[in-house]
Amino acid sequence: MTTTTGTQRIDDGREALAKYKVLVEHLPAVVYTAELGTEGNWLYVSPKLEEILGWTPEEWMAHEAPWTSSVHPDDRERAIAEEAVAAEAGTEDRMLTSEYRMFTRDGRLVWIRDESTIVHDEDGTPLCLQGVMYDISASKRALEERDFHARLLASISDAVIAYDRDDTVTAWNRAAESLYGWTAEEAIGNPLPASIRREPSTVIPAWDPFVEAMHGWRGRDAVTDKDGYGLTVEMKCVPLLDADGNDRGWVRVDREVAEA
């Protein structure tokens with residue numbers, strides 16, 4: 001019969017703790033434990049903090065107010081209020097998720113996603129926060145860039161239409177709605193309307209060095225809008241490439257012109 005000695009239990013505990021420490025320190029996020037409130041002490045911060053914010057854990061925990069002085073002033077009050085609401089909820093299993101900007105030690109601005117839970121004692125009194133902080137700056141920049149391009153596309157006065165190689169519409173800006181009468185909701189995901197569908201061989205060609213360099217085509221032709229009204233439209237059409245340079249469809253820019 002094999003028995004577990006006290007020494008063996010201690011050794012097993014140390015081994016488990018060491019494995020847990022290795023796991024925590026290799027997570028792509030800052031793992032932390034902190035007292036509640038802006039005046040609370042930081043009890044533990046993982047080494048990933050130095051990579052994301054430029055502070056060593058020792059420097060961070062020795063600072064009088066590391067988090068308060070690092071969070072962007074425009075986001076600070078909201079983040080504090082969200083923590084207070086979570087603390088008042090009184091449930092330990094509730095996940096508090098907050099996104100805010102922080103200044104790194106060298107002055108750079110990063111976006112942080114903070115996910116934490118509040119630890120309570122046996123009486124339900126909130127004791128501290130345990131959580132992780134992720135650097136989401138890259139995804140925020142990608143989202144901002146996407147929104148910028150969407151706003152830019154919406155502001156262009158020419159009709160901009162994108163469609164796949166099977167002629168399924170993937171983009172349809174406001175100018176396309178005004179010119180042709182179909183809304184974006186009606187157009188996107190459906191075949192390019194037959195009355196405006198054109199190929200290089202069916203239009204009166206016009207030479208354009210940019211379009212030619214892009215292996216596209218440019219021309220003029222008569223088309224019909226949603227209500228059957230005839231229009232004379234000049235079209236520029238160039239291939240739509242993905243990030244790897246593969247052809248995934250076409251982008252067409254249309255403008256109504258006077259009949260020739």
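Just to confirm, what accessible area per residue do you get for the chain at 1.4 Å probe, in whole Å²? Walk me through the numbers on the way to the answer.
Details: 15910 Å² over 260 residues.
Heavy-atom accessible area per residue stands at 61 Å².
Using a 1.4 angstrom probe on heavy atoms only, work out the carbon and sulfur share of the accessible area of the chain in %.
On the way: 8370 of 15910 Å².
The C+S portion of the solvent-accessible surface of the chain is 53 percent.
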R0 of 25 Å, Cβ-Cβ distance residue 197-residue 143: FRET efficiency to nearest 0.05: 0.15
The stretch 191-260: equivalent-ellipsoid semi-axes (sqrt of 5 x gyration tensor eigenvalues, Cα, Å): 23, 15, 8
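Based solely on its DSSP helices, what 222 nm [θ] is calculated for the chain when runs of n ≥ 4 H residues each add -39,500 (n - 2.57) and the sum is averaged over all residues, nearest 500 deg cm²/dmol? Don't skip to the answer; put the middle values down first.
Numbers: 9 runs with 89 residues, N = 260.
Per the formula, -10000 deg cm²/dmol.
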Peptide ranges 227-235, 97-105 listed from the most packed, as the mean C-beta count within 10 angstrom indicates: 97-105, 227-235
Residue 248/residue 36 FRET efficiency (R0 51 Å; Cβ-Cβ; nearest 0.05): 0.50
Net length gained if the chain between residue 95 and residue 215 were fully extended (0.36 nm per residue, minus Cα distance): 38.0 nm
Lys pairs, the chain - Cα-Cα below 26 angstrom, 8 or more residues apart or on other chains: 4
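The values are calculated or read from the model by the stated rules, or taken from the named source; none is laboratory data. These numbers come from a predicted model, not from an experiment. Every residue, glycine among them, receives a Cβ derived from its backbone with ideal geometry; neighbour counts consider all protein chains shown. Heads up: the accessible areas ignore ligands, DNA and RNA and are worked out on the full protein's heavy atoms, side chains in. Shrake-Rupley method; radii C 1.70, N 1.55, O 1.52, S 1.80 Å.
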